[in-house]
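Single-structure report; data block below.
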Amino acid sequence: MIADRSAIVARGMGVRRGGRWLLRPADFDVTGGVIGVAGPPSTGKSTLLATFATLRRPHAGALGILGHDTGNAHGIRTVRARIGFLPDRFSWAQGFTVAEFVSYSAYYKRVPAAAGRAMLERLEIGEVAATELSLLPPEVRLRAGLAATCVHEPDLVLLDEPFAGLGEAEMNALIPLLCSLAPTVVVTACGLGELTGWCDRVFVLGRGRLTEPAADPYRAPPPVVVGGRPGRLVLGSGACV
Ligand SMILES: Nc1ncnc2c1ncn2[C@@H]1O[C@H](COP(=O)(O)OP(=O)(O)OP(=O)(O)O)[C@@H](O)[C@H]1O
């Protein structure tokens, strides 16, 4: 039983897919803040995020999310209401207008339609509410995805490669918004450079291990390596610059 109130607590947690370990059994804690996970294609970032979102079960060990043990149905049910997960593609929704997409999400997440409308304003996409997602530029489409993901004001937001297809200026404009979405935000990217300088902590997933590369001396504590054997990784919360 995991009683820790941290956003993410892994105890001997291992994740497998396609017959190999994407993350070898490891212990780590994420207490909060903006957390980046970088890794080349196929290293397992999407699978790890889906595991944090409780859509996949770990193949080994235990996973606690927001103080709940995801090893039982009650824990999963409770915690899902507090998670916002945006997969790297949401092409199934391309035929929806922005307003339809966000209100559909509000319905599913059992929040009033007014919460959806408020989220459109917060994400500054009210003007395109009647436009189909497929007709929007990637940056605006991402904002619609974020609105749908966060319509229920989750405590943990998981964003899978949100910057894919965006230019540097668009990325920089979106960063403050991403940082403000929830007390804990986990963002993945293929390149480490997309995440450094603004995430509170950045980790690299590769060869079945989650490692913290040489840290920015002005932002982060000393590097920690987890994976392969039980270790402990404590991520501090902090504001985004
Ligand atoms: N449906 C599947 N069945 C079996 N293995 C799969 C399946 N989908 C993905 N995999 C494998 O799981 C591994 C991790 O995939 P995952 O999508 O999590 O990686 P990723 O780091 O998010 O990659 P990308 O950046 O390309 O999205 C890959 O080696 C992939 O080949």
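None of Thr149, Thr131, Thr184, Thr188 is over 21 Å from Ile35 (Cα atoms) and of a type in the set (Ser, Thr, Tyr) except Thr131. The single condition among (1) of a type in the set (A, V, I, L, M); (2) part of a loop (DSSP other than H, G, I, E, B); (3) in contact with a strand residue (DSSP E or B) (Cβ under 6 Å, 6 or more places away or on another chain) that Val79 does not satisfy is (2). Selection within the range 74-86: residues that are surrounded by 16 or more Cβ atoms within 10 Å (Cβ to Cβ) and among the charged types (D, E, K, R). The member of this set that is nearest to the ligand (Cβ to nearest atom) is Arg80. For Val187, the conditions (1) surrounded by fewer than 19 Cβ atoms within 10 Å (Cβ to Cβ); (2) within 16 Å of the ligand (Cβ to nearest atom); (3) under 15 Å from the mean Cα position of the chain (by Cα) are fulfilled apart from (1).
Every residue, every condition in (1) in contact with a strand residue (DSSP E or B) (Cβ under 7 Å, 6 or more places away or on another chain); (2) touching a residue at least 24 places away in the same chain (Cβ under 8 Å); (3) surrounded by fewer than 20 Cβ atoms within 10 Å (Cβ to Cβ); (4) not in a strand (DSSP E or B), yes or no:
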{"position": "Asp88", "(1), (2), (3), (4)": "no, yes, yes, yes"}
{"position": "Ala99", "(1), (2), (3), (4)": "no, yes, no, yes"}
{"position": "Ala106", "(1), (2), (3), (4)": "no, yes, no, yes"}
{"position": "Arg110", "(1), (2), (3), (4)": "no, yes, yes, yes"}
{"position": "Ala118", "(1), (2), (3), (4)": "no, no, yes, yes"}
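Name the single residue that is surrounded by the fewest Cβ atoms within 10 Å (Cβ to Cβ) among those in the range 195-215 being out of contact with any Asp or Glu (no Cβ under 9 Å at 6 or more places or on another chain) and more than 18 Å from Met13 (Cβ to Cβ). Per the criteria, the residue is Ala214. Residue check: is Arg24 more than 17 Å from the chain's Cα centre (by Cα) and without any contact (Cβ under 8 Å) to a residue 40 or more places away in the chain? No: the conditions fail for Arg24. Apart from one condition, Pro137 fits all of (1) touching a strand residue (DSSP E or B) at 6+ places or on another chain (Cβ under 8 Å); (2) at negative phi; (3) not polar (S, T, N, Q); the exception is (1). Here Gly71 fulfils each of the conditions (1) more than 22 Å from Val187 (Cβ to Cβ); (2) more than 10 Å from the ligand (Cβ to nearest atom); (3) in a strand (DSSP E or B) apart from (3). Looking for something more than 26 Å from Val30 (Cβ to Cβ) and touching a residue at least 40 places away in the same chain (Cβ under 8 Å) - is there at least one such residue anywhere in the range 161-181? There is no residue in the range 161-181 that is more than 26 Å from Val30 (Cβ to Cβ) and touching a residue at least 40 places away in the same chain (Cβ under 8 Å).
Only the coordinates and a few stated rules stand behind these numbers; no lab work does. Because the structure is a prediction, the values reported are computed rather than measured. Note: ideal-geometry Cβ built from the backbone for every residue, glycine included; neighbour counts use all protein chains shown.
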